[in-house]
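Report on the following structure.
The values are calculated or read from the model by the stated rules, or taken from the named source; none is laboratory data. None of the values given here were measured: they were computed from a predicted structure. Cβ atoms come from the backbone with ideal geometry, glycine included; neighbour counts cover every protein chain shown.
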Amino acid sequence: MMAVTHVLVGMALSGVVLAFAPDLAPVALAAGALGGAFPDFDLYVGHRRTLHYPVYATLGGLVALAVSAATPAPLTVALAAFLLAAGVHAAMDALGGGLELKPWERTSERAVYSHFHDRWLRPRRWVRYDGAPEDLALSAVVAAPLLALYDPPVSLAVGALLAVAMGYALLRKRLADCWAVLVALLPPSLATYLPDRFGEVRGDGGEVR
């Protein structure tokens, strides 16, 4: 799924804090957004494996949530929001497409790595690929309560994220074609630093280690 979708989901999860501790809502919102984005920081180093922990991050988030409920403070709330958003991000990736440059072609059966199970989880393809119409619809559904609950500048940021999602969804397949052309033009010494999903363009099959 799109990085924007994950960020919006992380923000939506943290919105629960508004009902119980409004003074802690800003820190929870920021931590939820960061947690939603954080797993994809592994894009160039074992994507969907190095920083993706669908089981451990979620369990850690639940423990942190219990701690924050017992002792609400900026640190405990931020930790709970961050871990839950990161865990949900990784779990959501298993519901999407495979780990390939063009997921709509269904050439990969690897969605996200579960360190708990010590294996790759297969893609369920409920959301066929990042930027698919259903991915954009999910972003819009998650953004709606955020737009209703928060005033500017948060609502403006959410609107901007939604606009980015719409643009990405519109151009998704064209971007994949452009990336394939650009990668093919790179010298081998540089192409080896690209994510594994570009392996089919590099000519090594895109095997994910």
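List the helices (runs of 4 or more DSSP H) inside region 136-209, counting only whole elements, that have at least 2 residues being at pLDDT 90 or above, of a type in the set (A, V, I, L, M, F, W, C) and crowded, with 16+ Cβ neighbours inside 10 Å. Even if it seems obvious, please write down each step before you answer.
Working: elements: 154-185, 188-191, 199-202.
So the answer is 154-185.
Quick one: is residue 110 more than 20 Å from residue 23 (Cα to Cα), in contact with a strand residue (DSSP E or B) (Cβ under 9 Å, 6 or more places away or on another chain) and among the charged types (D, E, K, R)? Full working, then the answer.
Values: more than 20 Å from residue 23 (Cα to Cα): yes; in contact with a strand residue (DSSP E or B) (Cβ under 9 Å, 6 or more places away or on another chain): yes; among the charged types (D, E, K, R): yes.
Against the criterion (more than 20 Å from residue 23 (Cα to Cα), in contact with a strand residue (DSSP E or B) (Cβ under 9 Å, 6 or more places away or on another chain) and among the charged types (D, E, K, R)), residue 110 qualifies.
How about region 70-86: which of its residues are in contact (Cβ under 8 Å) with a residue 12 or more places away in the chain and either assigned to a helix (DSSP H, G or I) or touching a Ser or Thr at 6+ places or on another chain (Cβ under 9 Å) (or both)?
74, 76, 77, 78, 79, 80, 81, 82, 83, 84, 85, 86
Return a yes/no flag: does region 87-98 have any residue that is more than 23 Å from residue 33 (Cα to Cα) and not in a helix (DSSP H, G or I).
In the first step, residues of region 87-98 are kept if they are more than 23 Å from residue 33 (Cα to Cα); the result is 98.
Cutting the leftovers down to not in a helix (DSSP H, G or I) gives us 98.
Yes, because at least one residue in region 87-98 is more than 23 Å from residue 33 (Cα to Cα) and not in a helix (DSSP H, G or I).
Would you point out the residue of region 45-76, among those that are touching a Phe, Trp or Tyr at 6+ places or on another chain (Cβ under 7 Å) and not hydrophobic (A, V, I, L, M, F, W, C), that is nearest to residue 111 (Cα to Cα)? Full working, then the answer.
Start the filter on region 45-76 by keeping residues that are touching a Phe, Trp or Tyr at 6+ places or on another chain (Cβ under 7 Å), which leaves 48-49, 51-52, 55-56.
Now drop any that are not not hydrophobic (A, V, I, L, M, F, W, C), which leaves 48-49, 52, 56.
Values: 48: 7, 49: 10, 52: 11, 56: 17 Å.
Selected residue: 48.
Identify, please: which residue in region 1-46 is assigned to a loop (DSSP other than H, G, I, E, B) and surrounded by 22 or more Cβ atoms within 10 Å (Cβ to Cβ) and is, among those, modelled with the lowest pLDDT? Spell out the reasoning first.
Here is the first cut: in region 1-46, the ones assigned to a loop (DSSP other than H, G, I, E, B) are 1-2, 15-16, 21, 43-46.
The next check asks that each one be surrounded by 22 or more Cβ atoms within 10 Å (Cβ to Cβ); those that pass are 1-2.
Numbers: 1: 93, 2: 96.
Step by step, filter region 1-46, then rank; the result is 1.
Assess whether residue 107 counts as being surrounded by fewer than 24 Cβ atoms within 10 Å (Cβ to Cβ), out of contact with any Phe, Trp or Tyr (no Cβ under 8 Å at 6 or more places or on another chain), among the hydroxyl-bearing types (Ser, Thr, Tyr) and part of a loop (DSSP other than H, G, I, E, B).
For residue 107, the condition - surrounded by fewer than 24 Cβ atoms within 10 Å (Cβ to Cβ), out of contact with any Phe, Trp or Tyr (no Cβ under 8 Å at 6 or more places or on another chain), among the hydroxyl-bearing types (Ser, Thr, Tyr) and part of a loop (DSSP other than H, G, I, E, B) - is met.
Select from region 110-129 the residues that are touching a residue at least 60 places away in the same chain (Cβ under 8 Å) and part of a loop (DSSP other than H, G, I, E, B) and list them in ascending order.
110, 111, 115, 116, 117, 127
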